[in-house]
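The values are calculated or read from the model by the stated rules, or taken from the named source; none is laboratory data. All of these numbers come straight from a predicted model, not from anything done at the bench. Every residue, glycine among them, receives a Cβ derived from its backbone with ideal geometry; neighbour counts consider all protein chains shown. The accessibility values were calculated without ligands, DNA or RNA, using every heavy atom of the protein model including side chains. Shrake-Rupley method; radii C 1.70, N 1.55, O 1.52, S 1.80 Å.
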Amino acid sequence: MEGKIVKVAGPLVVAEGMSGSKMYDVVRVSEKKLIGEIIELKGDLASIQVYEDTGGVGPGEPVYPTFEPLCVELGPGLVESIYDGIQRPLDILKEKTGDNIARGISLPGLDREKLWKFVPVKKKGDKVVGGDVIGEVKETVLVTHRIMVPPDVSGEIIEIREGEFKVEDVVCKIRDRDRDREITMIQKWWVRQPRPYKEKLPPDIPMCTGQRVIDAFFPVAKGGTACVPGPFGSGKTVIQHQISEWADADIILFVGCGERGNEMTDVLIEFPRLKDPKSGEPLMKRTVLIANTSDMPVAAREASVYTGITIAEYFRDMGYSVALQADSTSRWAEAMREISGRLEEMPGEEGYPAYLGTRVAEFYERAGRVKCLGSDNREGALTVIGSVSPPGGDLADPVVQATLRVVKVFWSLEAKLAFARHFPAISWLTSYSLYSDSTRKWVEKEIAKEFPDMVKDAMILLEKEKELQEIVRLVGVEAISEEDKLILEVTRSIREDFLHQNAFHEVDTYTSASKQYKMLKLILYFYECAKEALKRDVSVEQLSKLTVLEQIAKAKFIPEDKFESSAAEIEKGIVSEIEGLK
Ligand code: ADP
């Protein structure tokens, strides 16, 4: 059974004779067997978005239904892979077809020949339910891959084998009511269908990143969602790398979605160079990369986003903390706009389809900290950080607005700050995090009771600074009181000594939450003592010359293990130096 093409419009192909197919079924288009997905069905007419270049394809050519939706393969071999949007391993594609990927190539996402050592954690006679871990495979030095019972299977294990197996070999048999189910190490999952879990948990644990402006001021929760715009040169790539390396996540998913060719090359070349700081191993040992090459048509961006999040959910289901970064979701939205235009749908704002908001929301809603399926109550988290690249950096852009309606954190990268060499260029005035409240209890318990209030105080001072700077600009610094001058001195310190962080400095690149607390405490302690001194008619000019301020500025370069004692010294210095002033 096959359909026939009646129209080709860029990545969109319309075919007749498709009545047996369903929405979102995968089809192969023309003799070239291009991979496409049905996105609209009207009677026996199907509109197909094709994930490969449709050049040279014309009416009259056949369309072959597969009667299956777009799936990803989940199992050992995912980690360290670099895939395109439809989970074809890029290295093998390149081996087969050279630099310019030939069309119509089907490749399995997981290597069929590779042997993996499967070590059972359950035994014959055990009762299991969907999601239960039955065995483990050491996938890389950094990742233990947990082989789980598929969500729809439960029963008694009647056979389980230890040894070296290929992903398609049967490792376990489960008697599910009156039927025997053979379990292999591979699961297939429909990319548009969120993977099931038992229960969503509140986002009350922060995902620490070691980046002070993020963790202290604008934290993202484990299982939370964040959005970051990235004007060119504002340090977006550096932030993505820092999060990948340092965030408190076991698995990193990076989806490079339809960026320009050179940016994608950056990802492909630079990512594999990153190191996992804790083990010294290459970061790829716990990373999955999805990269759309620039010669793939726009529709493939859509596939990469879904493929990425499904793989991320799978690792979450194992009980891991997963961080997914998608760069850039604006390009995905542009693809939706193009396809929608070709479908001649009624356009919404700026030509984006009316369902833009829904699609964006559905994507971010797949984030979360969850109680996983299975009987052992393990928890997993999937944190999603999407970057947006609005034209001209305009935040009123519909994609940005649709994103901000669903995400709870906004890290506002500003070109202006980057230009002034303030890195990370995350604006403390326009960024926000709605997790500050939900993670408060955790911070109070794990770091320090007063830390959240200190951050709030610092924030209030920074807001005040903005007003004061305006006044100083208009009427000069003489016009403001000594108290206000002190505020300017202290906020300078908050910005330069705390918020500014050099990703390339051996020590400064990462700051633990407890060091962050102690650093901020020094600055605010200085402020308290200096305020008292002002009452004794000490001037801000005198205060600003104290050598202890230099020590506060250099505190960030003190290694974690020496920090406690050094901070105590600096604190003493603050007291004695200020007391020494007349
Ligand atoms: P983008 O990806 O937004 O174009 P990059 O991430 O490549 O920008 O950053 C541009 C430059 O800014 C980097 O090469 C680096 O010199 C500097 N930079 C960005 N972030 C930091 C940081 N946290 N610490 C030090 N330098 C930074």
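Things worth noting here:
- Of K371/K518; K278/K515; K33/K96; K123/K278; K285/K441; K32/K96, those spanning more than 24 Å from alpha-carbon to alpha-carbon: K371/K518; K123/K278; K285/K441
- Contour excess over end-to-end distance, with Cα ends at N502 and V141 and 0.36 nm allotted per residue: 127.0 nm
- In the stretch 116-185, taking the dipole from charged Cβ atoms about the Cα centre, the farthest positive-side position among V137, V149, V121 is held by V121.
- Distance from the stretch 505-543 to the stretch 186-233 (C-alpha centre basis), Å: 32 Å
- The largest accessible area among R112, R179 belongs to the first residue in R179, R112, and the rest follow in falling order (1.4 Å probe, all chains).
- Exposure of Y435 as accessible area (Å², to 10), given a probe of 1.4 Å and all protein chains: 10 Å²
- Computed over the chain: relative contact order in percent, which uses C-alpha pairs under 8 Å that are six or more apart: 13 percent
- Magnitude of the charge dipole, the stretch 447-579, Cβ model with Lys/Arg +1 and Asp/Glu -1, debye to 20: 200 debye
- Only DSSP H runs of four or more residues enter the estimate; each adds -39500 (n - 2.57), and after division by the residues of the chain the mean residue ellipticity at 222 nm equals -10000 deg cm²/dmol.
- Subtracting the Cα-Cα distance of R179 and S279 from their residue separation scaled by 0.36 nm leaves 31.5 nm.
- Pairs from the table (K236/K408; K456/K572; K222/K554) lying more than 21 angstrom apart at Cα are K456/K572; K222/K554.
- Inter-centroid distance (Cα atoms) of the stretch 94-133 relative to the stretch 318-360, Å: 29 Å
- If only the Cβ of Lys and Arg carry +1 and only the Cβ of Asp and Glu carry -1, the dipole of the chain around its Cα centre is close to 940 debye.
- Rounded percent of accessible protein surface that carbon and sulfur make up, the chain, 1.4 Å probe: 52 percent
- Annotation for K188 and V238: the two label points, set 7 Å from Cα along the Cα-Cβ direction, are 4.6 nm apart.
- Pairs of Cα atoms nearer than 8 Å and 6+ residues apart set the relative contact order; for the stretch 447-579 it is 29 percent.
- Rounded to the nearest 0.05, the FRET efficiency derived from the C-beta distance between S19 and M346 at R0 = 25 Å is 0.45.
- The residue list N100, T66, G392 was ranked by how far each Cα lies along the charge dipole of the chain toward its positive end, using unit charges on Cβ atoms, and T66 comes out on top.
- Remark: accessible surface ordering of E313, E463, E564 (largest first) is E564, E463, E313, probe radius 1.4 Å.
- Model label zone, I480; criterion: amide N under 17 Å from point 7 Å along Cα-to-beta-carbon; scope the stretch 425-465: 428-429, 458-465
- In this Cβ point-charge picture (+1 for Lys and Arg, -1 for Asp and Glu), the stretch 116-185 has a dipole of about 160 debye about its Cα centre.
- Mean Cα-pair separation over length for the stretch 116-185, i.e. relative contact order, pairs under 8 Å, 6 or more apart, %: 30 percent
- The stretch 123-146 residues near the modelled S375 label - backbone nitrogen below 20 Å, point 7 Å along Cα→Cβ: 123-136, 146
- Solvent exposure ordering (accessible area, 1.4 Å, most first) of E40, E344: E344, E40
- Solvent-accessible area per residue, Å², over the chain with all protein chains present [probe radius 1.4 Å]: 43 Å²
- Restricting the stretch 89-191 to chymotrypsin sites (Phe, Trp or Tyr not before Pro) that sit in a DSSP loop and have at most 13 other Cβ atoms within 10 Å of their own Cβ leaves nothing.
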